[in-house]
Amino acid sequence: MAAPAPALDPGNDPSFAELLAQRPQLTRHAHDGLVMEDVPLARIAEVVGTPTWVYSAGTLRRRARALRAALADAGLTATVHFATKANDNLSVLALLGREGLGADVVSEGELRGARAAGIPASAIVFSGVGKSEREIRLALAEGIMQINAESIEEIDMISAIAAGMGRIAPVAIRVNPDVDAKTHAKITTGRSENKFGVAYDDALTLYARMAKLPGIRPIGIATHIGSQITIGMGAYRAAYARLAELVRAIRAQGLPIERVDCGGGLGIAYRDEIAPAPAALAGAIKAELGALGLPVMLEPGRWIAGPAGVLLSRVILQKQGTARRFVVLDAAMNDLLRPAMYDSWHGILPVSPAALVAPLAPADVVGPVCESSDCFTRDRALPDLPPGALVALLDTGAYGATMSSTYNARPLAAEVLVDGARFAVVRDRQSYEALHAGQRVPEWLME
Ligand SMILES: *Cc1c(COP(=O)(O)O)cnc(C)c1O
């Protein structure tokens with residue numbers, strides 16, 4: 001069980017001005033209120049309705065470039081593979097693909113999405129603890145760059161499938177380095193008790209075994225120690241030091257190795273966290289792995305897409321309870337699951353110019369879903385938000401739309417991409433017809 005989140009002191013919440021200062025894609029205009037790049041969010045709400053996910057193309061580009069530049073500046077030969085599960089919108093993937101990013105996928109659906117967005121199979125790595133035979137077959141037929149295997153059972157399965165297809169699968173072993181990334185228990189992946197990867201002590205034996213299998217070309221080792229890592233580079237350094245040691249052991253046995261996959265996990269500042277700069281991560285990779293002279297791969301998701309998105313929502317009503325004020329939004333936990341699942345904190349900005357400077361009082365911000373955990377925040381300092389007022393939930397570009405469900409028969413929200421003064425709907429709001437499509441009631445039930 002995850003330990004309960006420590007109670008947040010609302011006194012530490014950043015002010016609206018502080019939130020805006022850290023997010024250059026969002027500005028406050030005296031007439032238009034909150035504006036993303038050059039598009040007023042109120043205009044998007046008017047045209048597209050709410051709730052709607054809104055992504056800043058400029059932010060996605062800026063962050064993709066910053067990451068690649070940091071790796072290049074450190075003198076590393078590196079490729080960046082966006083973790084598709086953070087945001088699988090085809091326009092987001094297409095934009096990042098055009099920035100030279102590949103993809104990290106964990107399912108057939110993500111592989112198909114990345115390919116449909118124009119990312120070549122030669123830039124896609126397939127991760128995940130349980131790939132089906134069908135998924136492995138498709139990955140090999142597409143000519144995938146790399147499959148990250150997570151167990152001896154999977155290695156044997158991949159070899160058999162590839163041999164049957166007359167192919168050689170490029171496989172890396174995902175190693176569990178048993179380091180503590182010091183992040184939320186639900187997003188820690190690099191401890192020995194987690195389900196991910198093969199035990200460090202077994203990795204060399206498995207690597208040697210791969211080299212003997214007919215359907216496999218062993219090409220490297222991989223790790224991914226967790227997500228939303230903000231506390232220094234210690235955990236990364238520890239994990240990469242272990243990878244370096246393993247590379248040396250692999251080479252000492254005369255086995256080939258072509259690259260090291262350093263995973264994702266770089267954290268962002270949702271509230272007051274100190275988010276590491278990409279240069280710090282590049283420095284950690286350089287320090288621990290640089291001497292090996294191997295190309296490295298990175299699989300960031302949250303760091304690239306998180307700050308690029310907001311969830312735009314309208315207030316349904318303000319309810320004065322006996323002890324607290326509740327602001328009820330038309331967005332809910334089925335749209336943005338992170339607060340309910342990870343106790344996560346998201347900045348909430350009013351959109352109207354007047355509300356951005358109005359007096360503040362504490363409020364709980366909740367959705368209409370019939371669950372007590374459908375609560376985005378408690379005791380947040382917010383202005384009066386009458387019915388119809390708009391708010392933006394910040395930093396929801398990663399693990400936002402991708403974690404949505406239709407719980408309470410609520411259609412999936414629309415998605416919009418803003419690019420300068422232009423915006424486009426990049427995913428329609430789900431219709432009620434689509435919500436029930438595919439369901440049928442057997443005739444015998446209706447007799
Ligand atoms: C989820 C995941 C990532 C991306 O994690 P972020 O915290 O979003 O950077 C990278 N690699 C693997 C294997 C993952 O499962």
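Observations on the model:
- A Cβ distance below 7 Å, combined with a sequence gap of six or more or placement on separate chains, defines the contacts here; from the stretch 425-447, residues that are part of a loop (DSSP other than H, G, I, E, B) reach residues that are at pLDDT 95 or above and not basic (Lys, Arg) in the pairs Asp428/Ala414; Arg429/Gly49; Arg429/Pro411; Arg429/Ala413; Arg429/Ala414; Gln430/Pro411; Gln430/Leu412; Ser431/Pro411.
- Any hit, the stretch 246-254, residues being within 18 Å of Leu71 (Cβ to Cβ) and either touching a Ser or Thr at 6+ places or on another chain (Cβ under 9 Å) or not aromatic (Phe, Trp, Tyr) (or both): no
- Any hit, the stretch 77-92, residues being surrounded by fewer than 19 Cβ atoms within 10 Å (Cβ to Cβ) and out of contact with any Gly (no Cβ under 8 Å at 6 or more places or on another chain): yes
- Some residue of the stretch 126-138 being under 24 Å from Tyr342 (Cα atoms), of a type outside the set (Lys, Arg) and modelled with pLDDT of 95 or more: yes
- A single entry from Ala172, Ala163, Ala208 fulfils the requirement of being out of contact with any Asp or Glu (no Cβ under 7 Å at 6 or more places or on another chain), within 27 Å of Leu289 (Cα to Cα) and of a type outside the set (Asp, Glu): Ala208.
- Scope the stretch 112-135; condition under 20 Å from Thr223 (Cα atoms) and buried (at least 18 other Cβ atoms within 10 Å of the Cβ); matching residues: Ala123, Ile124, Val125, Phe126, Ser127, Gly128, Lys131
- Selection within the stretch 117-165 - within 16 Å of the ligand (Cβ to nearest atom) and among the basic types (Lys, Arg): Lys131
- Qualifying positions in the stretch 271-324 - under 30 Å from Glu258 (Cα atoms), among the aliphatic types (A, V, I, L, M), in contact with an Asp or Glu (Cβ under 9 Å, 6 or more places away or on another chain) and not in a strand (DSSP E or B): Ala279, Ala282, Leu294
- Screening the stretch 200-257 for residues that are among the polar types (S, T, N, Q) and either touching a helix residue (DSSP H, G or I) at 6+ places or on another chain (Cβ under 9 Å) or modelled with pLDDT of 95 or more (or both) and picking the one that is nearest to the ligand (Cβ to nearest atom) gives Ser227.
- Wholly enclosed strands (runs of 3 or more DSSP E) of the stretch 3-91 bearing at least 2 residues over 24 Å from Met333 (Cβ atoms), within 16 Å of the ligand (Cβ to nearest atom) and at pLDDT 95 or above: 78-83
- Among the residues here, Ile268 qualifies as within 16 Å of the ligand (Cβ to nearest atom) and either assigned to a loop (DSSP other than H, G, I, E, B) or farther than 28 Å from Arg209 by Cβ (or both).
- Residues in the stretch 229-265 that are assigned to a loop (DSSP other than H, G, I, E, B) and of a type in the set (A, V, I, L, M, F, W, C): Ile231, Met233, Leu255, Ile257, Cys262.
- Qualifying position, being of a type in the set (Asp, Glu), touching a residue at least 24 places away in the same chain (Cβ under 8 Å) and closer than 28 Å to Arg62 by Cβ, among Asp419, Asp384: Asp419
- Met341 passes every criterion in (1) within 16 Å of the ligand (Cβ to nearest atom); (2) closer than 30 Å to Arg68 by Cβ; (3) in a helix (DSSP H, G or I) apart from (2).
- Test for Gly215: is it in contact with a strand residue (DSSP E or B) (Cβ under 7 Å, 6 or more places away or on another chain) and on the phi > 0 side of the Ramachandran plot: no
- Scanning the stretch 316-332 finds no residues that are within 16 Å of the ligand (Cβ to nearest atom) and of a type in the set (A, V, I, L, M, F, W, C).
- Applying the criterion of being modelled with pLDDT under 95 and of a type in the set (Gly, Ala, Ser) to the residues of the stretch 258-308, the residue that is surrounded by the most Cβ atoms within 10 Å (Cβ to Cβ) is Ala275.
- A Cβ distance below 6 Å, combined with a sequence gap of six or more or placement on separate chains, defines the contacts here; from the stretch 206-230, residues that are touching a residue at least 40 places away in the same chain (Cβ under 8 Å) reach residues that are within 16 Å of the ligand (Cβ to nearest atom) and among the acidic types (Asp, Glu) in the pairs Ala222/Asp261; Thr230/Glu273.
- Of the residues making up the stretch 234-244, those that are surrounded by fewer than 22 Cβ atoms within 10 Å (Cβ to Cβ) and within 15 Å of Gly220 (Cβ to Cβ) are Arg242, Ala244.
- Residues that are of a type in the set (Ser, Thr, Tyr), more than 16 Å from Ser313 (Cβ to Cβ) and either within 19 Å of the chain's Cα centre (by Cα) or not assigned by TED's automatic domain parsing to the domain that holds Glu18 (or both), drawn from the stretch 388-411: Tyr399, Thr402, Ser405
The values are calculated or read from the model by the stated rules, or taken from the named source; none is laboratory data. Quick caveat, the model's predicted, so the values are computed rather than measured. FYI the Cβ positions are ideal-geometry reconstructions off the backbone, even for glycines, and counts take in every protein chain you see.
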